[in-house]
Amino acid sequence: MAHRGLTGVLLVGGASTRFGSPKALARLDGVTLAEKAWRSLGEACDERLAVGKTADGLALPFPLLDDATDIRAPIAGVVAGLRAARHEVCVFLPVDCPLVTADSLRRLAAAAPAHPQTGPLPGAYTRGVLPELERKLERGDYSLRDLEAAVVELDERELANVNTTADLAALTG
């Protein structure tokens, strides 16, 4: 059941250089990674946004909000998502984390600001961190690792990250 008052943000802004083609359009179990993540966000959140580079021209089945920067780093999508969100708490799901469940997203949101044991994304952040993130962007600091956040232990298998075609093949095997 979708959590009322929660915005889900799908981050699709990566360059996919190691993958060799747009990760968002790669298929897992017959569904694109973007669609898979979009569904998980829909199960967890009553508002969904997809943020990335509209200039990339990805053929996605939902609207893509341009992050309005040339920077190719997750922080750009987090800032754009927080700016556009209707709700105070947002969960951020990178398109290359296709196994994260709606339940895990809700757990992160309940502890916001929070991230799993593996690092800042996927994660749940409040609009209150927006000024700090905007300052980081201005000074060229693109790390999210130093944000104050609770650690929510999630199943390691859910946190599988698809950076290469071999990573994707390992999930289907």
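The values are calculated or read from the model by the stated rules, or taken from the named source; none is laboratory data. These numbers were taken from a predicted model, which means no experiment stands behind them. Backbone-built Cβ (ideal geometry, glycine too); neighbour counts: all protein chains shown. Just so you know, the surface numbers come from the protein's heavy atoms only, side chains and all, with ligands and any DNA or RNA stripped out. Shrake-Rupley method; radii C 1.70, N 1.55, O 1.52, S 1.80 Å.
Some notes on this structure:
- The set of residues in segment 80-94 being within 20 Å of ALA160 (Cα to Cα) and open to solvent by 10 Å² or more (accessible area, probe 1.4 Å) consists of PRO94 alone.
- The set of residues in segment 109-123 that are among the hydrophobic types (A, V, I, L, M, F, W, C), within 16 Å of LEU6 (Cα to Cα), open to solvent by less than 40 Å² (accessible area, probe 1.4 Å) and in contact with a His (Cβ under 9 Å, 6 or more places away or on another chain) contains only ALA109.
A quick yes/no check of all residues on (1) open to solvent by 20 Å² or more (accessible area, probe 1.4 Å); (2) of a type in the set (Asp, Glu); (3) within 28 Å of ARG107 (Cα to Cα); (4) at pLDDT 95 or above:
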position: LEU6; (1), (2), (3), (4): no, no, yes, yes
position: PRO22; (1), (2), (3), (4): yes, no, no, no
position: ALA26; (1), (2), (3), (4): no, no, yes, no
position: GLU43; (1), (2), (3), (4): yes, yes, yes, yes
position: GLY57; (1), (2), (3), (4): yes, no, no, no
position: LEU65; (1), (2), (3), (4): yes, no, yes, yes
position: ILE75; (1), (2), (3), (4): no, no, yes, yes
position: VAL78; (1), (2), (3), (4): no, no, yes, yes
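- So GLU153, is it acidic (Asp, Glu) and closer than 27 Å to ARG4 by Cα: yes
- Index of the failed condition, ALA37 passing every other in (1) within 21 Å of THR172 (Cβ to Cβ); (2) touching a strand residue (DSSP E or B) at 6+ places or on another chain (Cβ under 9 Å); (3) assigned to a loop (DSSP other than H, G, I, E, B): (3)
- Filter pass, ASP70 being open to solvent by 60 Å² or more (accessible area, probe 1.4 Å) and on the phi > 0 side of the Ramachandran plot: no
- Residue identified as modelled with pLDDT of 95 or more, out of contact with any His (no Cβ under 8 Å at 6 or more places or on another chain) and either aromatic (Phe, Trp, Tyr) or within 27 Å of ALA26 (Cβ to Cβ) (or both) among THR126, THR101: THR101
- Answer residue from segment 141-173, given it is over 28 Å from LEU25 (Cβ atoms) and modelled with pLDDT of 95 or more and is surrounded by the most Cβ atoms within 10 Å (Cβ to Cβ) among those: ALA149
- Where a residue in segment 15-30 is touching a residue at least 12 places away in the same chain (Cβ under 8 Å) and its partner, wherever it lies, is of a type in the set (Lys, Arg) and open to solvent by 20 Å² or more (accessible area, probe 1.4 Å), with Cβ under 9 Å and at least six apart: ALA15/ARG72; LEU28/LYS36; ASP29/LYS36
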